[in-house]
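The values are calculated or read from the model by the stated rules, or taken from the named source; none is laboratory data. Just so it is clear, the model here is predicted, and its values are computed rather than measured. Ligands, DNA and RNA are stripped out before the accessible areas are found, and what is left, the full protein with its side chains, is counted by its heavy atoms. Shrake-Rupley method; radii C 1.70, N 1.55, O 1.52, S 1.80 Å.
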Amino acid sequence: TGWLWDLGDLTAEPRRLPGEAQTVNALAFSLDGQTLATGGSDGAVQLWHLLDLDADPESLPGQLVPVTTVAFSPDGQTLASGGEDGTVRVWSMNAARLSEEVCRVVTGNLTLGEWRQFMGAESPYRPTCPGLPERTEK
């Protein structure tokens, strides 16, 4: 479980990060101080937006074993995590730039089936790359 203390007011009660309690093995603050990345024993890498501590964290996919380290790049544009099995995962923290890169190399938008697989059935479908054709299921 993650707890945050306000060092400007040491008499204030600490804030517990929302979500299910998991063992936190690693954490790192982004350089701008607005995001906290945590790595857990369950393999979860989560991003906590510190300006909205009541919000659930974003979970990043990929790590399948306990996460032992997380680190932001000096420019804050990349996050890396290391797993107990020796693997390293790397994510771009600039979603707009990553989206532009992906849309440059794909031939069309996600199909409805792909959308449900990657985004979840509860998320309403929308084109992922404006200007590219819609693809149909095969």
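Taking amide hydrogens as modeled 1.01 Å from N in the peptide plane, which residues meet the under 5 Å criterion relative to T128, leaving out close sequence neighbours?
Close amide H contacts, sequence-distant or interchain: L110.
What percentage of the solvent-accessible surface of the chain, computed with a 1.4 Å probe over protein heavy atoms, is contributed by carbon and sulfur atoms?
55
Build a GNM of the chain with springs between Cα atoms under 10 Å: which of L112, L31, L79 gets the top mean-square fluctuation?
In the Gaussian network model the winner is L112.
With springs connecting C-alpha atoms under 10 Å apart, model the chain as a Gaussian network and identify which of T11, T68, T128 has the largest mean-square fluctuation.
Sorting by GNM fluctuation, first place goes to T11.
What order do C129, C103 take when sorted by accessible area (1.4 Å probe), most exposed first?
C103, C129
Just how much of R16 is accessible, in Å², when a 1.4 Å probe is used and the result is rounded to the nearest 10?
100
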